[in-house]
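Worksheet for the structure shown next.
The values are calculated or read from the model by the stated rules, or taken from the named source; none is laboratory data. Small disclaimer: the values here were computed from a predicted structure and weren't measured. Virtual Cβ from ideal backbone geometry, glycine too; neighbours counted across all protein chains shown. Note: accessible area is taken over every heavy atom of the protein model, side chains too, but ligands, DNA and RNA are not part of it. Shrake-Rupley method; radii C 1.70, N 1.55, O 1.52, S 1.80 Å.
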Amino acid sequence: MKVIVLGAGIVGVTSAYQLAKAGHEVTVVDRQPGPALETSFANAGEVSFGYCSPWAAPGIPMKAMKWLFMKHAPLILRPKLDMAMLSWMARMLSNCTSERYAINKSRMLRLADYSRIALAELRAETGIAYDERMQGTLQLFRTEQQLDASAKDVKALAADGIPYEVLDRDGCVRFEPALKHVRDKIVGGLLTPKDETGDCFKFSNALAAKAEALGVRFAYGTTIKALDVEAGRVRGVITDRERMSAEAVVVALGSYSPLLLEPLGIRLPVYPVKGYSLTIPIADASRAPESTVMDETYKIAITRLGDRIRVGGMAEISGYTNDLGLARRSTLEYSVTDLFPGGDISKASFWSGLRPMTPDGTPVIGPTKVAGLFLNTGHGTLGWTMSTGSARLIGDLVGGRQPEIDAKDLAISRYG
């Protein structure tokens with residue numbers, strides 16, 4: 001078939017590659033001049049198959065109230081008269097129950113584990129390099145209360161057969177030797193050894209080149225105006241340059257997906273939650289992490305990417321704004337220098353991106369009420385983690401094949 005993929009971020013590029021492998025004629029449309037120049041550009045670098053949890057969890061409403069008054073808060077809320085924001089927040093709160101958390105986490109782990117297999121196979125078949133490491137994620141606890149609270153995650157990991165290890169202070173230092181300098185600041189950690197790290201921007205560009213070699217056309221610098229729908233079926237896409245015809249369209253526009261779908265009466269509960277990152281050149285490798293350390297107190301990931309450290313995190317609910325707040329930079333700097341002192345943060349580059357979040361944390365993958373129109377969006381902080389598995393699902397669904405894992409509860413129909 002002739003298929004158009006909207007969006008050239010990590011999810012769009014992996015989708016295009018998978019569709020081209022299946023023999024479709026694929027065009028990717030993006031307003032940017034190249035792949036992965038928005039949310040996929042400088043994310044935290046985690047490929048978190050095990051460290052994979054919904055933000056909507058029991059106790060989060062109370063924690064959120066506390067976070068709003070912290071100097072280095074993981075959550076920043078800038079409320080406004082925005083019905084999409086208010087509706088999204090209300091839906092998220094409704095998912096903060098033990099029952100909903102278990103259901104949503106199980107969905108996420110299923111897709112993440114499928115992506116782990118898909119990424120390994122893709123890496124083997126393409127040989128692409130992206131500063132990848134396969135050394136796991138260490139969720140680091142500074143208090144006994146945090147360590148005790150991790151029991152619910154341990155239970156979910158065990159139920160889904162995801163390898164894990166609960167570490168004491170000495171175990172954390174053995175896994176990440178640079179933590180020996182701050183050992184008194186930590187009490188323990190949760191290690192998910194199958195997690196990986198890597199530069200999402202490098203990966204996306206390398207895979208885009210492979211996709212082009214398979215015949216994928218990339219229409220960069222092209223603004224998407226509307227979907228062309230006739231008699232309940234998608235016929236193509238209208239851009240600022242031309243009308244493109246297609247038999248199927250995959251919307252992988254992240255936070256901007258709902259804006260394109262709303263005129264069709266498709267209510268997609270995806271809202272932008274801004275995250276920030278620093279990229280710091282490594283001055284002393286002995287004082288840098290080997291893999292990813294997740295600072296549970298501030299919800300900040302500190303990741304080794306080749307000769308750099310990527311420090312990413314925070315959740316700012318402020319709509320479609322992408323300004324760089326200096327207060328957010330100070331939080332990232334505080335976390336990384338507190339756990340890995342000795343780096344030169346004066347040479348760090350500062351970035352922000354809009355994560356496409358659903359209220360339940362699970363992406364939206366599958367068909368819509370419009371024939372031929374498919375969604376692959378709403379991955380939140382886990383687009384890099386879930387991209388390869390999501391691409392396989394969308395490839396099967398567009399091609400009319402039965403997916404290898406259950407995908408029915410990932411579709412937009414779960415929202416009624």
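Summary of computed values
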quantity: Residue list for region 192-211, restricted to those being of a type in the set (S, T, N, Q) and either in contact with a Leu (Cβ under 8 Å, 6 or more places away or on another chain) or surrounded by fewer than 23 Cβ atoms within 10 Å (Cβ to Cβ) (or both); calculated: T192, T197, N205
quantity: Qualifying positions in region 11-55 - touching a helix residue (DSSP H, G or I) at 6+ places or on another chain (Cβ under 6 Å), open to solvent by 10 Å² or more (accessible area, probe 1.4 Å) and not in a loop (DSSP other than H, G, I, E, B); calculated: V11, Y17, Q18, A20
quantity: Test: residue in region 352-361 that is open to solvent by less than 10 Å² (accessible area, probe 1.4 Å) and either of a type in the set (F, W, Y) or part of a helix (DSSP H, G or I) (or both); calculated: no
quantity: Checking V229 against (1) open to solvent by less than 10 Å² (accessible area, probe 1.4 Å); (2) in contact with a Leu (Cβ under 7 Å, 6 or more places away or on another chain), the condition it does not meet; calculated: (1)
quantity: Selection from region 117-157 of residues that are over 21 Å from L339 (Cα atoms), basic (K, R) and at pLDDT 95 or above; calculated: R123
quantity: The lone exception for R328 - which of (1) modelled with pLDDT under 95; (2) surrounded by fewer than 23 Cβ atoms within 10 Å (Cβ to Cβ); (3) more than 30 Å from A411 (Cα to Cα) it fails; calculated: (2)
quantity: Selected residue [over 22 Å from S390 (Cβ atoms) and touching a residue at least 24 places away in the same chain (Cβ under 8 Å)] from F141, F69; calculated: F141
quantity: Unique residue being in contact (Cβ under 8 Å) with a residue 40 or more places away in the chain and outside any loop (DSSP other than H, G, I, E, B) when the list is L382, L397; calculated: L382
quantity: Entirely in region 118-191, the helices (runs of 4 or more DSSP H) that have 3 or more residues that are within 26 Å of the chain's Cα centre (by Cα) and either at positive phi or surrounded by 15 or more Cβ atoms within 10 Å (Cβ to Cβ) (or both); calculated: 144-149, 151-159
quantity: Filter result for P263 (farther than 22 Å from L37 by Cα and more than 22 Å from the chain's Cα centre (by Cα)); calculated: yes
quantity: Pair list, Cβ under 9 Å, 6 or more apart: region 321-339 residue without any contact (Cβ under 8 Å) to a residue 12 or more places away in the chain, other residue of a type outside the set (D, E, K, R) and part of a helix (DSSP H, G or I); calculated: T337/I345
quantity: Residue identified as among the hydrophobic types (A, V, I, L, M, F, W, C) and open to solvent by less than 10 Å² (accessible area, probe 1.4 Å) among L261, L214, L268; calculated: L261
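Quick grid of which residues meet (1) of a type in the set (G, A, S); (2) out of contact with any Leu (no Cβ under 7 Å at 6 or more places or on another chain):
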{"residue": "G23", "(1), (2)": "yes, yes"}
{"residue": "R31", "(1), (2)": "no, yes"}
{"residue": "T39", "(1), (2)": "no, no"}
{"residue": "A42", "(1), (2)": "yes, yes"}
